[in-house]
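Working notes, beginning with the structure itself.
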Amino acid sequence: MALLEIRGLSKYFGGLAALSEVDLDVFESEILGVIGPNGAGKTTLFNVITGLLPPTSGRVRFKGEDITGLRADQIARRGIGRTFQASVLFGQATVFENVFTAFHMHYQQPGWKAFLRAPSARAEEELIRRRVMEVLEFMGLAPLKDELAMNLPHGHQRALGICLALATNPKLLLLDEPVTGMNPVETTTMVELIRKMRDGGTTIVIVEHDMRAIMSLCDRIAVLNYGRKIAEGSPEEIRNNQQVIEAYLGKKK
């Protein structure tokens, strides 16, 4: 059974089909790429999976459970995390504070205990602080923990965005253009970090326009065009697929 099953997923905005009858499986411990020209429906797919948008029709199942129509926070609590094209950060807060805040859904102690600084609340806060540092160390940001997020270079801001997603302890992580705008060194570093995340037990779905990164990173690739899935297969199969070539380059006249 697939970790994530998508069947007949459609999303219409008025008369425009952003997604049309999309079927897709994501299997545990794989890195699946989702590619396609601008406007193909890739980010809409992420938004529907994570509950930011309701589908017009179709179903989404995660770990065998139908999660179609659940709120975004309910879906996140079930183990699906995501990043966004634009880094969603607290610019005036430090790197540490950004990730600490992202751990809020893990709090078990009631608010009044935290307010009164009860021993159980202090112990929980210390545990979360240690977990924050573990995430920062994993992503190579521990030396920057006291820097304001707004002052970080682009590559580090993208890495911090992934830290916020990792704070939700996802079983499935959706990465929306994680290497866009990065220089070659930053891209190589991020690709290796994504592999480490998968090796650590997190299944990855990645939307990205950097074809070199996608082809070297992904186990399988699905291609969307005008909201429809037009191809799916290994990187080599996708590289040589005529429909995919035409979607990107247009038909020869």
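Selection of segment 60-73 for residues being more than 14 Å from residue 48 (Cβ to Cβ) and either assigned to a helix (DSSP H, G or I) or of a type in the set (Asp, Glu) (or both) yields 65, 73.
Just checking: which of the helices (runs of 4 or more DSSP H) contained wholly in segment 123-221 hold 1 or more residues that are closer than 24 Å to residue 97 by Cβ, touching a strand residue (DSSP E or B) at 6+ places or on another chain (Cβ under 9 Å) and at pLDDT 90 or above?
On the way: elements: 154-166, 184-199, 211-217.
Per the criteria, 154-166, 184-199.
What's the number of the condition residue 100 fails, among (1) under 24 Å from residue 163 (Cβ atoms); (2) hydrophobic (A, V, I, L, M, F, W, C); (3) in a loop (DSSP other than H, G, I, E, B)? Condition not satisfied by residue 100: (3). Filtering segment 67-81 to residues that are within 23 Å of residue 17 (Cα to Cα) and either in contact with a Leu (Cβ under 8 Å, 6 or more places away or on another chain) or acidic (Asp, Glu) (or both) leaves only 72.
Taking residues in segment 49-64 that are under 11 Å from residue 9 (Cβ atoms) and outside the structural domain of residue 174 (by TED's automatic domain parsing), and partners anywhere that are assigned to a strand (DSSP E or B) and modelled with pLDDT of 95 or more, not one pair has Cβ atoms closer than 7 Å while being at least 6 places apart or on different chains.
If you go through segment 133-170 and pick out every residue that is within 22 Å of residue 80 (Cα to Cα), of a type in the set (A, V, I, L, M) and surrounded by 19 or more Cβ atoms within 10 Å (Cβ to Cβ), you end up with 10. The criterion of being of a type in the set (A, V, I, L, M), farther than 11 Å from residue 224 by Cα, within 15 Å of the chain's Cα centre (by Cα) and assigned by TED's automatic domain parsing to the domain that holds residue 246 holds for residue 32.
Within the set 76, 17, 72, 2, the sole residue that is over 27 Å from residue 169 (Cβ atoms) and of a type in the set (A, V, I, L, M) turns out to be 17.
Which one of 71, 82 is of a type in the set (D, E, K, R) and in contact (Cβ under 8 Å) with a residue 60 or more places away in the chain? Answer to the selection: 82.
Listed conditions (1) in contact (Cβ under 8 Å) with a residue 60 or more places away in the chain; (2) of a type in the set (D, E, K, R); (3) not assigned by TED's automatic domain parsing to the domain that holds residue 96 are all met by residue 158, apart from (3). Annotation: of all residues in segment 227-242 being assigned to a helix (DSSP H, G or I) and either closer than 15 Å to residue 214 by Cα or not assigned by TED's automatic domain parsing to the domain that holds residue 24 (or both), the one that is nearest to the chain's Cα centre (by Cα) is 235. Filtering segment 56-75 to residues that are exposed (fewer than 15 other Cβ atoms within 10 Å of the Cβ) and more than 14 Å from the chain's Cα centre (by Cα) leaves 57, 59, 64, 65, 66, 69, 71, 73, 74. Residues that are within 18 Å of the chain's Cα centre (by Cα), of a type in the set (Val, Ile, Thr) and farther than 18 Å from residue 220 by Cβ occur in segment 46-55; there is at least one. Each residue in segment 43-70 was checked for being over 27 Å from residue 156 (Cα atoms), out of contact with any helix residue (DSSP H, G or I) (no Cβ under 7 Å at 6 or more places or on another chain) and modelled with pLDDT of 95 or more, and 14 pass.
Return the residue satisfying two criteria in turn: it lies in segment 1-20 and is assigned to a strand (DSSP E or B) and surrounded by fewer than 14 Cβ atoms within 10 Å (Cβ to Cβ), and of such residues it is nearest to the chain's Cα centre (by Cα). Before the answer, list the steps.
Step one: list which residues in segment 1-20 are assigned to a strand (DSSP E or B), which gives 4-13, 16-20.
Keeping just the survivors that are surrounded by fewer than 14 Cβ atoms within 10 Å (Cβ to Cβ) gives 8, 13, 16.
On the way: 8: 21, 13: 23, 16: 25 Å.
Among those that are assigned to a strand (DSSP E or B) and surrounded by fewer than 14 Cβ atoms within 10 Å (Cβ to Cβ), it is 8.
The values are calculated or read from the model by the stated rules, or taken from the named source; none is laboratory data. Since the structure is predicted, the reported quantities are computational estimates derived from the model, not experimental observations. We place every Cβ from the backbone using ideal geometry, glycine too, and count neighbours over all the protein chains shown.
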